[in-house]
Structures are given as structure tokens and as C-alpha cells.
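Below you'll find the structure, written out as C-alpha cells, and then a few comments.
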Amino acid sequence: ATFECQNAAGMKSEYSIKHHDVGAVNMAYMEGPDSGKPLVIIPGMAVPWQSYIPTAQILCKHFHVFIITQRGHNLTGWAKDAATFIEEVVGEPVIVSGHSLGGLVALWLTTQRPGLVIGFNAEDGAFLVNEQNRWFTSWVRNMFVGLEKRVRAYHEKRANLEEIVDMYASELLVVPTVEQD
């Protein structure tokens, strides 16, 4: 899969899927043209990198955009290491932007590996998990507790991709509304 990017100078480049071995896993990522400071985008849980294509097509005019995949998402295995990716692939400090779970990863990078980060953005960061009282009364907790049970069941069963898809497809999901707390 590829998509096109036109930088500020009007030059067109293609993004394409690349891979980098970070030790425990071969991480999949997309890289755009070098149009400025490196910007690493970390999607949220179950958010595919493809959802960032429209954003990347705008950002690539001013940044060297990398979109990495989260643990177990898309073409990346279960144990990716964002810090190793930045050190070995980007090779210089980055602006890091994460959505939801990606926001937590971006925050971890910013606080635990500050030499790798020159800017930080959390898009809808999942920081509620650190607010214990709100966490235990939130619908989000039930979603994560259910996800943990499913993931453990997948591992115990040694499920293949088709079985995992079938497990998810057979479950009901309660989506919050604006009327819910």
C-alpha cells in the first residue's frame, strides 16, 4: 500500500510500508519525504495507520513524517519498541504525537527518554488510567478489562488471525454517548 505526498516545494513522493527489526519484532511503519523535523505518529489501540493518511498528506509538507504501528497492530508483532525505532531509523530527536494508547506511549517516551523527544502531542490521550477514582467508575475500564480477558483467551487458545477476528465479531460493544458520564 502506498500513497502520495506533495511537500512544500511541490515535489511529490510516495509513502510506502517499510519494516525495521527492533530486536523482538519486525516493526512496520510508513515514512514520508524529509520535509523538516521528524514527526513520529503513534496511532491508538486498534487504530490502523491508514487512518492517518489524510493527516500525513498535510503534515508531510512541513515534517519528515513516520507513522508506526502499535503492538500487535497491522503488520507489527506484539513487542515493538518505539525508542529503538527512533534511535535506529530516525536517528535524531523527534516530535512525537500519539493518539489514545499511542498518547501514553508518546508520554512514556517524553518522560523516560527525553533525549529522543523535542516535542510532544497527545491526541485524546488515555490518561484517565492514572486517575484511580475516575478509572474505576468509567466505561473505559470495562472496555480494557474485557480486552485483557480476550487477549488472554487468544494466547491460551493460540488463536490464529481468523479465530481472533471471529472472537471479536461475536462480541457486543457498548459505545458511550454524550449523555453518559
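Summary table below
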quantity	calculated
Of all residues making up segment 4-18, the number that are under 21 Å from the mean Cα position of the chain (by Cα) and closer than 19 Å to VAL94 by Cβ	3
Pair list, Cβ under 8 Å, 6 or more apart: segment 103-126 residue assigned to a strand (DSSP E or B), other residue open to solvent by 50 Å² or more (accessible area, probe 1.4 Å) and of a type outside the set (Ser, Thr, Tyr)	VAL117/PRO93; ILE118/LYS37; ILE118/PRO93; GLY119/LYS37; PHE120/LEU107; ALA122/LEU107
Residue match in segment 83-98 (condition: under 29 Å from LEU147 (Cα atoms) and at pLDDT below 85)	no
Residue ID - farthest from VAL151 (Cα to Cα), chosen from residues in segment 53-73 that are touching a strand residue (DSSP E or B) at 6+ places or on another chain (Cβ under 6 Å) and open to solvent by less than 20 Å² (accessible area, probe 1.4 Å)	CYS60
Test for SER100: is it surrounded by 16 or more Cβ atoms within 10 Å (Cβ to Cβ) and either within 30 Å of ARG141 (Cβ to Cβ) or under 13 Å from the mean Cα position of the chain (by Cα) (or both)	yes
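Condition check ((1) charged (D, E, K, R); (2) outside any loop (DSSP other than H, G, I, E, B); (3) surrounded by fewer than 16 Cβ atoms within 10 Å (Cβ to Cβ); (4) at pLDDT 80 or above) across all residues:
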| position | (1), (2), (3), (4) |
| --- | --- |
| ALA8 | no, no, yes, no |
| GLU14 | yes, yes, yes, no |
| ALA24 | no, no, yes, no |
| TYR29 | no, yes, no, yes |
| LEU39 | no, yes, no, yes |
| GLY44 | no, no, no, yes |
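The values are calculated or read from the model by the stated rules, or taken from the named source; none is laboratory data. Quantities reported herein were computed from a predicted structural model and do not represent experimental measurements. We place every Cβ from the backbone using ideal geometry, glycine too, and count neighbours over all the protein chains shown. Side chains are part of the model used for accessible areas, which takes the heavy atoms of the whole protein and leaves out ligands, DNA and RNA. Shrake-Rupley method; radii C 1.70, N 1.55, O 1.52, S 1.80 Å.
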